[in-house]
Amino acid sequence: MAAEPLCFAKYAHNLSAHSGRGRTMQDEVANAKKSPVNLRIRTSLQKKAKDLGLNLSQTLENPLEAEIRRREQLEWLEANRQAIEAYNRRIDDRGPALAGYRGF
């Protein structure tokens, strides 16, 4: 997936903590209930991970959480694309709110 969808959020504020669902991953981790999942990985990876003492569950959870956040951000941006583009046009046309009162 290309990074293009983020380009239209020219004046958008920090979106990284917003999951679009009213909660953060930290909230979910604090109350995390775990369930067994079957998945297939290359035997060589599993052996190397075991030799290194890696916790596969934790190792796989971290990038999965990052991918979930990224996709939720993309969904939020797409759902709010029109409002963001309208806001960007307003800022381009009129400048930031109260810009005439700034001393810098």
**Message:** For Leu64, Leu77, which order do you get if you count the other beta carbons within 10 Å of each Cβ and list the fewest first?
**Reply:** Leu64, Leu77
**Message:** Under a crude label model (7 Å from the Cα following the beta-carbon direction), how far is Ser44 from Glu61 in nanometres?
**Reply:** 2.9
**Message:** Output wanted: per-residue J couplings in Hz (rounded whole) for the stretch 38-45, from phi through Karplus 6.51 cos²θ - 1.76 cosθ + 1.60, θ = phi - 60°, x for Gly and Pro.
**Reply:** 8, 8, 10, 10, 4, 4, 5, 5
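Each value in this text was obtained by applying a stated rule to the coordinates, not by laboratory testing. Just so it is clear, the structure is predicted and the values come from calculations on it, not from any experiment. Positions of Cβ are backbone-derived with ideal geometry, glycine not excepted, and every protein chain shown enters the neighbour counts.
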